[in-house]
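Asker: Below is one structure. I have some questions about it.
The values are calculated or read from the model by the stated rules, or taken from the named source; none is laboratory data. Small disclaimer: the values here were computed from a predicted structure and weren't measured. No Cβ is skipped: glycine too gets one built from the backbone with ideal geometry, and neighbour counts run over all protein chains shown. Protein only, heavy atoms only, side chains kept; ligands, DNA and RNA dropped before computing areas. Shrake-Rupley method; radii C 1.70, N 1.55, O 1.52, S 1.80 Å.
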Amino acid sequence: GLSLGRDGFMHDIYRDRRLDGASVEALRGEAVFPVGARGTMLLAADYLTDTGSTADAPKVVPPYAGAPGLLFGGTVPADPRTVLYDADVGTRATSWGLRSEFTWDFDAAVLKALTAWRAVDVDVSIDLDGTQANAVIDRPQGRARDFSEDVVLTSQSASAVEWLIGGSYLHADAAQRLTVNVAPAQLTDVPDGRLVTDAGALFGEVEWQFA
C-alpha cells in the first residue's frame, strides 16, 4: 500500500485553505495458486485515489490586461503563494484494475492467457479566472474503461526450431466533459466527447538455429 500527503504550496485566503498539495492513497495485491498439475493462475488487483489539488491552483500574473477576474472586480494578491478563489478547487480521481494470468504447460509448449480490466474516473474543479470574482469556473470530468486479452503459445522443446503464436484484443471506452461556467454572461458551455476503440491482432514468430 501507499499513502502520500503533502501540504499545499498555495494559500487561498478567501476560503482559508491550502492548495496545490498532494493526497494519494493506493493499494495493490496479488495471489498465485496452482490449477491442476500443469497450470497456475495469478490474480491481481489495485486501487488508487487522488484527492489533492496539484496543478489546480492557477495564479494570475502580469500583464493583467483582459484578465476576466479583474474585469469583474477580482483582485490578485501580491504574494506569489497566495490566491483568492471563490470556487472550491481540487481533484477527485480514482483508478482501479483487475488482472489475471493463466499458464498451462503442455511439455512441448506453454500457453499464457492474460486478461486485464481498468477503470478511471476524474472530477476536477478549477477557478479559471484566478480571483474571488464569480467569473469563470471549469469543471472537467473524465471516464475511461479498458479491457484487454492476450493469448500466447510458446514452444519450449530442445529442437533447433522455436516458435510462438498468439493474439491480442483491446476494447477502450473514454469520455470527457468540460463544464465551463461564465457567470457574468450567464453562460454555461458543456463540450464533451467520447472515443470507443476496438483493436485486435494476430502474430507469430519462428526461429531456426543453424548448427
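Asker: Please specify each residue of segment 104-161 satisfying the condition of being of a type in the set (D, E, K, R) and part of a loop (DSSP other than H, G, I, E, B).
Answerer: Initial filter on segment 104-161 (of a type in the set (D, E, K, R)): 105, 107, 112, 118, 121, 123, 127, 129, 138-139, 143, 145-146, 149-150.
Passing the criteria: D107, D129.
Asker: Now, a different point. Out of the residues in segment 16-50 that are of a type in the set (D, E) and either touching a Pro at 6+ places or on another chain (Cβ under 8 Å) or open to solvent by 40 Å² or more (accessible area, probe 1.4 Å) (or both), which is farthest from R92 (Cα to Cα)? Before the answer, list the steps.
Answerer: Initial filter on segment 16-50 (of a type in the set (D, E)): 16, 20, 25, 30, 46, 50.
Going one step further and asking which of them are either touching a Pro at 6+ places or on another chain (Cβ under 8 Å) or open to solvent by 40 Å² or more (accessible area, probe 1.4 Å) (or both), we end up with 16, 25, 30, 46, 50.
Numbers: D16: 20, E25: 12, E30: 26, D46: 17, D50: 6 Å.
Among those that are of a type in the set (D, E) and either touching a Pro at 6+ places or on another chain (Cβ under 8 Å) or open to solvent by 40 Å² or more (accessible area, probe 1.4 Å) (or both), it is E30.
Asker: Same structure again: Residues to consider are L202, L187; find the one that is among the hydrophobic types (A, V, I, L, M, F, W, C), in contact with a strand residue (DSSP E or B) (Cβ under 9 Å, 6 or more places away or on another chain), without any contact (Cβ under 8 Å) to a residue 12 or more places away in the chain and open to solvent by 80 Å² or more (accessible area, probe 1.4 Å). Even if it seems obvious, please write down each step before you answer.
Answerer: Working: L202 fails: without any contact (Cβ under 8 Å) to a residue 12 or more places away in the chain.
Criteria check complete, one pass: L187.
Asker: Within segment 1-15, how many residues turn out to be open to solvent by 80 Å² or more (accessible area, probe 1.4 Å) and of a type in the set (D, E)? Steps first, answer last, please.
Answerer: Residues of segment 1-15 open to solvent by 80 Å² or more (accessible area, probe 1.4 Å): 1-4, 6-7, 9, 13-15.
Now drop any that are not of a type in the set (D, E), which leaves 7.
Total satisfying the criteria: 1.
Asker: Ok, one more. Checking the conditions here, which among T103, T91, T131 is under 22 Å from D7 (Cα atoms), surrounded by 15 or more Cβ atoms within 10 Å (Cβ to Cβ), polar (S, T, N, Q) and over 22 Å from the mean Cα position of the chain (by Cα)? Lay out the reasoning, then the answer.
Answerer: Values: T103 fails: under 22 Å from D7 (Cα atoms); T91 fails: over 22 Å from the mean Cα position of the chain (by Cα).
On inspection, the qualifying residue turns out to be T131.
Asker: Write out, first by first residue and then by second, each pair whose Cβ atoms fall under 6 Å of each other, whose residues are 6+ apart or on separate chains, and whose first residue, in segment 78-105, is on the phi > 0 side of the Ramachandran plot while the second is acidic (D, E).
Answerer: Within 6 Å, the pairs are G90/D56.
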